[in-house]
Amino acid sequence: MEYKFIAVSQIWATGGMLNRANAKANELARDGWVLSKMEKGFSGFLFATLYLAFERKI
């Protein structure tokens, strides 16, 4: 298995975080990656952040 982790932060635009996360998830899905886990948290500067874990069978 291969794993890829990304973090998508919301800095200024409301709703922009979800749009960026959807765009990245769709891009990875086209390459055969599957979203295995998604967590919401905060970055070091207290920006809302989505942490996404993807996996792909080799």
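Every number here is computed from the coordinates shown, using simple stated rules; none is lab data. Remember, it's a predicted structure, so these values are computed and weren't measured experimentally. Using ideal geometry, Cβ is built from the backbone for each residue, glycine included, and neighbour counts are taken over all protein chains shown.
Between helix 16-30 and the chain, what is the angle of the helix's C-alpha long axis to the longest principal axis, kept within 0 to 90° and rounded to the nearest 10? Approximately 10 degrees, to the nearest 10.
Label separation (Arg30 vs Ser43): 2.5 nm, computed from points 7 Å beyond Cα along the C-beta direction. Under the rule a/c < 1.5 gives rounded, and otherwise a/b versus b/c splits prolate from oblate, where does the chain land using the Cα gyration tensor? Because a/c hits 1.5 or more and a/b fails to exceed b/c, the chain counts as oblate.
Applying both filters, DSSP loop and at most 15 other Cβ atoms within 10 Å, to the trypsin sites (Lys or Arg not before Pro) of the chain gives Lys57.
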